[in-house]
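Each remark here refers to the structure printed beneath this line.
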């Protein structure tokens, strides 16, 4: 695997830490800016909005750029946004920097995915995406608690300085390892305008939207439980708050194992991986709903939830390239947006259930239902994949063997 793929994973780790760390620093941020905790929580929502919009917009804007140039530009803006955020005395400016940082982070995700798969080759694209997306998994496991500790000990601004420093170092790694030459043009589309038309035309493929729907549904199925995991463990399971960081680390360990295994399997058996991972998500979510009040059952299920939820990640990423090979950049960007749709919808559905007074345990049933919908989307995609092959077999029957055998 080219070194540049690991560097891209490191860059995702640096930026993903920023995406996650404010969840652990809301009280400190609110106090430092003189706003309420709910207002500080809007900084997280602003990041999600920037991610949702940024990927497809920047994919189109930078389509004619060399990929290294686009990656470095995104990281430069991301770093500057965090420096400004660390220095600003006002809430409004910080809110704007969160949107800007998320906007370019989404663009980086899309271009990094295309770059990693191009460097690794078609036979190893699942493994490459496992490494790149693994940067976010490590951010969940290490970056989130580390950023929280730094922010609590030295102030929330210190966490922003740390992210800015890590991002600058990752940018140097991108400069040193990612090839500077522009991607080779498609033979049928030597001009940039034609390339853009080709990518936009490929988005009309219904199979691509089926893959994007699978991404959104599976992500929502995982996030509806994970978003409220801390509250579930303390309120329903009865664990002391001091155990929550350990449980999040256990979830992160499962996520890291899941995405590593998934990256090894996704290239050879993408549908098998999706079926197995989503079925496991359904079963584990349901089991957590039934046993959330029993600590010795709930604790291992937290580990398994992370493993099943992230095992499908490489296949979810590589499927869009398989069905939209003429639109790799836009397909990757829309998949980033699909992940963020799931990240937004899952917690929202969970919040509706909790606000209705049902508590935290039934969140698993929503996760199981969303997982079943994702399984249905995979089944439809598999059926659509078989139909062209069956039609081709009918058009070109195998020749009869000599002697009528």
Does residue 363 meet the test of being free of Cβ contacts under 8 Å to residues at least 24 places away in the same chain and farther than 24 Å from residue 126 by Cα? no
Please work out if residue 211 is modelled with pLDDT of 85 or more, under 25 Å from the mean Cα position of the chain (by Cα) and not assigned by TED's automatic domain parsing to the domain that holds residue 148. yes
In the set 359, 364, 371, 342, which member is more than 23 Å from residue 261 (Cα to Cα), crowded, with 19+ Cβ neighbours inside 10 Å and at pLDDT 85 or above? 364
May I ask you to verify whether residue 148 is closer than 26 Å to residue 317 by Cα, assigned by TED's automatic domain parsing to the domain that holds residue 11 and assigned to a helix (DSSP H, G or I)? no
Mind checking whether some residue in segment 222-229 is surrounded by fewer than 22 Cβ atoms within 10 Å (Cβ to Cβ), within 25 Å of residue 377 (Cα to Cα), out of contact with any strand residue (DSSP E or B) (no Cβ under 9 Å at 6 or more places or on another chain) and touching a residue at least 12 places away in the same chain (Cβ under 8 Å)? yes
Residues located in segment 216-243, provided they are modelled with pLDDT under 80 and either more than 30 Å from residue 373 (Cα to Cα) or not assigned by TED's automatic domain parsing to the domain that holds residue 371 (or both): 241, 242
Single condition residue 296 does not satisfy, out of (1) surrounded by fewer than 24 Cβ atoms within 10 Å (Cβ to Cβ); (2) touching a residue at least 40 places away in the same chain (Cβ under 8 Å): (2)
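The values are calculated or read from the model by the stated rules, or taken from the named source; none is laboratory data. This structure is a prediction, so every number in the text was calculated from the model and none was measured. Reconstructed Cβ throughout: ideal geometry from the backbone, glycine too, with neighbour counts over all protein chains shown.
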